[in-house]
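Participant: I'd like to ask you about the structure that follows.
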Amino acid sequence: MKSSDWFRDAVVYQLYLRSFYDSNGDGIGDLRGVIDKLEAITSLGVNTLWLSPFCASPNEDNGYDVSDYRSVAPELGTLADLEELLAKAHKKNLRVLMDFVVNHTSSQHPWFQDAKSSVNSRYRQWYYWSDGRPSDTHPHGGPPNNWDSYFGGSAWTQSEETGQWYLHHFLPSQPDLNWENPEVRQEMFSIARWWLEKGIDGFRLDAVHHLGKPLGLPDAPAHLKLKQFKNTRLTHAHLREFRKAVLEPWGAVAIGETGGTTPSTALLYTARQQELDAIFHFDQFFLPHPRAQDFLKNHERWYRKFSGQHAWDTAFFSNHDQGRHLSLWGDDRYLRRRSAQFFAAVLLTSWGTPFIYQGEELGLGNAGFKSPADFQDQASLRRYHEALEQGQDAELALAHLLMYGRDNARTPYSWSSAPQAGFTKGTAWLKPAYDYETINWERQQGDSDSVWEFYRKVIRLRQDNAALRHGKWVRWSHHPHIYAVQRGKGRNLVALVGNWSREFVTWNLPRSRGTQGNWVVLLSNYPASSSSVKAGKITLRPWEVYILTTV
Ligand code: GLC
């Protein structure tokens, strides 16, 4: 057994540091805040934390623009705070993953500051530089190729100092590192080891799908919607080297953000843990208005390809880069509690390691922001303004921002109904969610019907049932509203049957699998279950969900 195999039994809590808990009143969440709230995290039952980036950064992208990799950002605390957090977390059997921003640095990083100063800089080759390319629109030279940045505009910016252009797949203040340069790789490996020595258990590798650029930096094919190359062969070579040089000797885990993968291309990363222990793909966010069957089909597609190949996936519905799933897929108005609980059950019975994003365990939906002025996130605002410049209907562009803007998921944690959601004694860096007075952590404690309490129960169920973590995954339902799957088999069978709709639905449990009726309900989300599970028939109320086993 590889020593990183523990990850397959993990339930991860993604913690967005700036927004979790502010211990010193400056309006920004910090490491001491996490230490203060450690009990609240562990009482939920999760056993792994993913901390958003905590190294020094000018925060153009909230820490995803690092200016010193061997440091802790002063607004988040000190290295001693981090070490204390690691020690206390480990004492509680909580492992900690670091968000390692490997693809780019901040433009304020001393490497880039030096690199941009002259073509002869010692750090020039740590980044990508190129002369401009003349074209009809740029007769004096424009971007060297047609690549797009994720955050609007070209992936190239011209630097004043030398007139050459540098590459950035994200903001212009996030120049891409040149991983083809062995010096860069050695330095990044050495940084990773430095953090492992401090006690970090593994990494979430940020934007790893862009690590290896195609040789010669050619134009991307015109038919691609986003003109970029992702998941290249070079990326795999770099990651295999990282695995050998860092992960294997330390028994450390790495989960990569691999946008743009299909089940087959993702397999190259995770089969037999050659490179990564698991990947994040984003297919679920590309399903237009998903319903039970879209979701089941999608999950099945990935499961079929991965299982049997000793490959591993993650399961997640929300993170810091999307609108909240309750608002995108569920009912964040009338049946909020039930639909939040429904998704909790689906998530925690999924195949792959589940990731819970802070706040979803309260049933948080989108922030309720009304205008662009409520947003801080540069990326979302740039895309919004670009849409307007390109002539998109203003109302539509605004609706898109309000629904998908990343700050929807980054609001300060709704701890209580106190001012600023109980997150800070000062003024929070981002407005709290509109509904914190009613939907908050404090109100849900001790309420046996709360979303928080349901998450706790379903996490426990997963921890107690190997079938839910390792059992075979079989899709049961083809009914448009019913999300039903079987995990495990025989005496270790656990089934999930849920109603992804606002309607009442009666459904027959499959009879053909030796499941002749003696169902026991392990968990359901409506209090005092009045629906019936009798003679193999189940009647489900809106968003009702059952986790069942047989006797
Ligand atoms: C990843 C992060 C995102 C960040 C981007 C650039 O996609 O999840 O928050 O903006 O990389 O680092």
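The values are calculated or read from the model by the stated rules, or taken from the named source; none is laboratory data. All figures in this text were calculated on a predicted structure; none of them were measured in a lab. No Cβ is skipped: glycine too gets one built from the backbone with ideal geometry, and neighbour counts run over all protein chains shown.
Participant: Could you check how many residues of segment 189-221 are in contact (Cβ under 8 Å) with a residue 12 or more places away in the chain and outside any helix (DSSP H, G or I)? Before the answer, list the steps.
Facilitator: Step one: of segment 189-221, the residues in contact (Cβ under 8 Å) with a residue 12 or more places away in the chain are 189, 191-196, 198-215, 217-220.
In the following step, the residues that additionally are outside any helix (DSSP H, G or I) were identified as 199-207, 211-215, 217-220.
Qualifying residue count for the region: 18.
Participant: Spot the failing condition for His320; the list is (1) in a loop (DSSP other than H, G, I, E, B); (2) under 20 Å from Phe454 (Cα atoms); (3) out of contact with any Leu (no Cβ under 7 Å at 6 or more places or on another chain), and only one is missed.
Facilitator: (2)
Participant: Scan segment 91-105 residue by residue and report those that are more than 10 Å from the ligand (Cβ to nearest atom) and out of contact with any strand residue (DSSP E or B) (no Cβ under 8 Å at 6 or more places or on another chain).
Facilitator: Selection gives Lys91, Lys92, Asn93.
Participant: Do you know which residues across segment 365-422 are in a helix (DSSP H, G or I), away from the ligand (no atom under 16 Å from the Cβ) and small (Gly, Ala, Ser)?
Facilitator: Ala373, Ala387, Ala394, Ala397, Ala399, Ala421, Gly422
Participant: Do you know which of the residues in segment 406-460 that are among the basic types (Lys, Arg) and over 27 Å from Ala345 (Cα atoms) is surrounded by the fewest Cβ atoms within 10 Å (Cβ to Cβ)? Even if it seems obvious, please write down each step before you answer.
Facilitator: In the first step, residues of segment 406-460 are kept if they are among the basic types (Lys, Arg); the result is 406, 410, 425, 431, 443, 456-457, 460.
Remaining after also requiring over 27 Å from Ala345 (Cα atoms): 425, 431.
Details: Lys425: 14, Lys431: 21.
Selected residue: Lys425.
Participant: Quick one: which of Gln186, Gln228 is assigned by TED's automatic domain parsing to the domain that holds Ser67, farther than 30 Å from Lys88 by Cα and free of Cβ contacts under 8 Å to residues at least 12 places away in the same chain?
Facilitator: On inspection, the qualifying residue turns out to be Gln186.
Participant: What do you reckon, is Arg272 in contact (Cβ under 8 Å) with a residue 24 or more places away in the chain, farther than 28 Å from Ala345 by Cα and outside the structural domain of Val485 (by TED's automatic domain parsing)?
Facilitator: yes
Participant: What is the one condition in (1) surrounded by fewer than 19 Cβ atoms within 10 Å (Cβ to Cβ); (2) part of a helix (DSSP H, G or I) that Pro58 does not satisfy?
Facilitator: Against the list (1) surrounded by fewer than 19 Cβ atoms within 10 Å (Cβ to Cβ); (2) part of a helix (DSSP H, G or I), Pro58 comes up short only on (2).
Participant: Scan Asp114, Asp81 and give me the residue that is in contact with a helix residue (DSSP H, G or I) (Cβ under 9 Å, 6 or more places away or on another chain), more than 28 Å from Tyr21 (Cα to Cα) and either outside any strand (DSSP E or B) or within 16 Å of the ligand (Cβ to nearest atom) (or both).
Facilitator: Every option except Asp114 fails the conditions.
Participant: Considering each of Leu44, Leu51 in turn, give the residue that is under 19 Å from Asp206 (Cβ atoms) and in contact (Cβ under 8 Å) with a residue 40 or more places away in the chain.
Facilitator: Leu51
Participant: Condition check: within 16 Å of the ligand (Cβ to nearest atom) and part of a helix (DSSP H, G or I). Does Thr265 satisfy that?
Facilitator: No.
Participant: Okay, next question. With the requirement that a residue be hydrophobic (A, V, I, L, M, F, W, C), under 13 Å from Asn492 (Cα atoms) and not in a helix (DSSP H, G or I), what does segment 440-474 give you?
Facilitator: Correct list: Trp473 only.
Participant: In segment 124-133, what residues are touching a residue at least 60 places away in the same chain (Cβ under 8 Å) and assigned to a loop (DSSP other than H, G, I, E, B)?
Facilitator: If the condition is that a residue be touching a residue at least 60 places away in the same chain (Cβ under 8 Å) and assigned to a loop (DSSP other than H, G, I, E, B), then Tyr128 is the only one that fits.
Participant: Do the conditions hold for Gln358, that is, is it more than 19 Å from the chain's Cα centre (by Cα) and either modelled with pLDDT under 95 or under 15 Å from Ala433 (Cβ atoms) (or both)?
Facilitator: no
Participant: Could you grab the pairs with beta carbons closer than 8 Å, sequence gap of 6+ or different chains, first residue in segment 297-323 and among the acidic types (Asp, Glu), second one within 16 Å of the ligand (Cβ to nearest atom) and assigned to a strand (DSSP E or B)?
Facilitator: Taking only residues 6 or more apart or on different chains, the pairs are Asp313/Ala278; Asp313/Ile279.
Participant: Right, here's the next one. Can you pull out the residues in segment 196-207 that are more than 16 Å from the ligand (Cβ to nearest atom) and either buried (at least 23 other Cβ atoms within 10 Å of the Cβ) or not assigned by TED's automatic domain parsing to the domain that holds Leu239 (or both)?
Facilitator: Filtering segment 196-207 down to residues more than 16 Å from the ligand (Cβ to nearest atom) leaves 196-202.
Across segment 196-207, the qualifying residues are Asp201, Gly202.
Participant: Now for a separate question. Counting only residues that are closer than 28 Å to Gly446 by Cβ and aromatic (Phe, Trp, Tyr), how many does segment 1-49 have?
Facilitator: Looking only at that region, the number is 4.
Participant: Look through segment 268-305, keep the residues that are touching a strand residue (DSSP E or B) at 6+ places or on another chain (Cβ under 6 Å) and in a loop (DSSP other than H, G, I, E, B), and return whichever of them is nearest to the ligand (Cβ to nearest atom).
Facilitator: Result: Leu276.
Participant: Take the residues in segment 134-165 that are touching a residue at least 24 places away in the same chain (Cβ under 8 Å), outside any loop (DSSP other than H, G, I, E, B) and more than 16 Å from the ligand (Cβ to nearest atom), then tell me which one is surrounded by the most Cβ atoms within 10 Å (Cβ to Cβ).
Facilitator: Restricting to residues being touching a residue at least 24 places away in the same chain (Cβ under 8 Å), outside any loop (DSSP other than H, G, I, E, B) and more than 16 Å from the ligand (Cβ to nearest atom), the top hit is Trp156.
Participant: Next up: Looking at this structure, is Gly256 farther than 22 Å from Gly365 by Cα, within 16 Å of the ligand (Cβ to nearest atom), at pLDDT 95 or above and not in a helix (DSSP H, G or I)?
Facilitator: It is true that Gly256 is farther than 22 Å from Gly365 by Cα, within 16 Å of the ligand (Cβ to nearest atom), at pLDDT 95 or above and not in a helix (DSSP H, G or I).
Each row is one residue, and each column tells you yes or no for (1) within 30 Å of Gln486 (Cβ to Cβ); (2) touching a helix residue (DSSP H, G or I) at 6+ places or on another chain (Cβ under 7 Å).
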residue	(1), (2)
Ala207	no, no
His223	no, no
His238	no, yes
Glu248	no, no
Gly260	no, yes
Thr265	yes, no
Pro288	yes, no
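Participant: Inspect segment 338-346 for any residue being closer than 25 Å to Val474 by Cβ and either within 16 Å of the ligand (Cβ to nearest atom) or part of a loop (DSSP other than H, G, I, E, B) (or both) and give the result as yes or no.
Facilitator: For segment 338-346, residues closer than 25 Å to Val474 by Cβ and either within 16 Å of the ligand (Cβ to nearest atom) or part of a loop (DSSP other than H, G, I, E, B) (or both): absent.
Participant: Would you call Ser318 closer than 24 Å to Leu49 by Cβ, of a type outside the set (Val, Ile, Thr) and either surrounded by 19 or more Cβ atoms within 10 Å (Cβ to Cβ) or away from the ligand (no atom under 16 Å from the Cβ) (or both)?
Facilitator: Yes; evaluated as a whole, the condition is true for this residue.
Residue-wise test of (1) under 23 Å from Asn499 (Cβ atoms); (2) of a type in the set (Val, Ile, Thr).
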position	(1), (2)
Gly260	no, no
Gln273	no, no
Phe282	no, no
Phe285	yes, no
Leu296	yes, no
Glu300	yes, no
Ser307	no, no
Thr314	no, yes
His325	yes, no
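Participant: How do the pairs read when you match residues in segment 169-182 that are under 12 Å from Asp65 (Cα atoms) and charged (D, E, K, R) with residues anywhere that are within 11 Å of the ligand (Cβ to nearest atom) and in a helix (DSSP H, G or I), using Cβ under 9 Å and keeping only pairs 6 or more apart or on different chains?
Facilitator: From segment 169-182, the pairs are Asp176/His210.
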